[in-house]
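Presented below is the structure to which this report refers.
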Amino acid sequence: KEARKAEHNLTEAKMKEEGYDSIHAIAGCHEGGGCRFEEFALFNQDQVLPTHLVQFKIVTTSGGTVQATKTVEPETRVEAKDRSLRQLLDALAPEAALPEEIDATRIEACEWLGNVAQDDRAKATRAFLRDGRFVGHFAACARSTNEDLQFKALRAWGNFCYRDEANQTLAMKNLGIQFVHTLLFSPNPAIRIRAVGLIWTLTHYSTTNRAALEEARVIRRLADMLEEAAQPKHKPWSALRLLLGALANFAIDGAVCMPVDQVVVVTIRIVDEKDAPDWVVDQALRLLCNIMSNGQADREWSQNGYSYRSSVWAPEDEENIATGEEQGVAALGIAVSAGAGTAVEEVTQGCKEMGCAWW
């Protein structure tokens, strides 16, 4: 079946009723609600012979450039079916072994869990995280004094929590608010940054987790870490992205407990860096947007289907959105350099007066 505009409710049964088994989306129909490029849609797995799995993301805010971030070959993909719950329980709580052998077994198991949570999260969640014994041993690995084991376990917990609110709640319940907060003060910088990544995933959807961590003064610590990481001439961009993303999550609920002056000044400085990667600038702009709007999406912006919380790219108005970003950052810079102090209203008003496309 040829299609020149989007049809969102098609199923295999509906296609069969119409006498078709697949869809051919015609290229060049994007102005009428169709596709810019040619696409095909199939409804039965027997019609497909997969050879590669490609993960991708938008890496620019105006041109919509797509860049592959990782290619997973079928033979290297880690799947939940590769190990049983019994095998993992034996690995996480081995008996009759020397301490160093126990840790080595746990480290290998947690590394595998991190990979399976990345490649096959939904099935791994159903297979393992519903067992109380497994969850208890898994949480104990994250609290281990062996930093290699702790690092691997925190990575695995973070991957399980990615875009999964139920897992976010489970992780917070079993790891504990104070423990997560304590990780931000670890003498090991790798553990501190891994903790920031965990906090980002813990707060992605869960309002409850954001509120609990906010009460534990996590926001203040993240703001201090952001300021510290932004100081060196050669900046740790990956760490800055994690810090900006985590703070942007908290700003979704408003910036009541956030040291706004400190965060805004540092974030604008990051955006102004000529060599700042797009994937860092994206999180910086997301943070600034959430602070300016007190976590509330602009109505017109939402109606057009664009969300500053995930992207500031509008395919139907790329030039205006790009201009809006530049004006928005400029307005923030003007407000801060003029001594906006604690008044976020001045930052907000500066953007309104400049007619930002993203306000």
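The values are calculated or read from the model by the stated rules, or taken from the named source; none is laboratory data. Keep in mind that this is a model prediction, so the values were computed, not measured. Every residue, glycine among them, receives a Cβ derived from its backbone with ideal geometry; neighbour counts consider all protein chains shown. The area values use the complete protein model at the heavy-atom level, side chains included, leaving out ligands, DNA and RNA. Shrake-Rupley method; radii C 1.70, N 1.55, O 1.52, S 1.80 Å.
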*Pro187 being under 19 Å from the mean Cα position of the chain (by Cα), open to solvent by 40 Å² or more (accessible area, probe 1.4 Å) and at pLDDT below 95*: no
*Only residues that are in a loop (DSSP other than H, G, I, E, B) and surrounded by 10 or more Cβ atoms within 10 Å (Cβ to Cβ): list them for the stretch 19-36, please.*
Tyr20, Asp21, Ile26, Ala27, Gly28, Cys29, Gly33, Gly34, Cys35, Arg36
_Conditions (1) more than 21 Å from His204 (Cβ to Cβ); (2) surrounded by 21 or more Cβ atoms within 10 Å (Cβ to Cβ); number of the one not met by Leu154_ = (1)
*Can you run down the residue pairs with Cβ atoms below 6 Å, 6 or more apart or on separate chains, where the first is in the stretch 112-127 and under 17 Å from Thr201 (Cβ atoms) and the partner is assigned to a helix (DSSP H, G or I) and open to solvent by 20 Å² or more (accessible area, probe 1.4 Å)?*
Gly114/Arg155; Gly114/Asn159; Ala117/Asn159; Gln118/Asn159
*Out of (1) closer than 20 Å to Glu165 by Cα; (2) not in a helix (DSSP H, G or I), the odd one out for Lys235 is which?*
(1)
*Give me a count of the residues in the stretch 141-159 that are among the aliphatic types (A, V, I, L, M), in contact with a Leu (Cβ under 8 Å, 6 or more places away or on another chain) and more than 13 Å from Leu88 (Cβ to Cβ).*
2
*Just give me the residues in the stretch 202-261 being among the small types (Gly, Ala, Ser) and either open to solvent by 10 Å² or more (accessible area, probe 1.4 Å) or more than 20 Å from the chain's Cα centre (by Cα) (or both), in sequence order.*
Ala211, Ala212, Ala216, Ala229, Ala230, Ser238, Ala239, Ala255
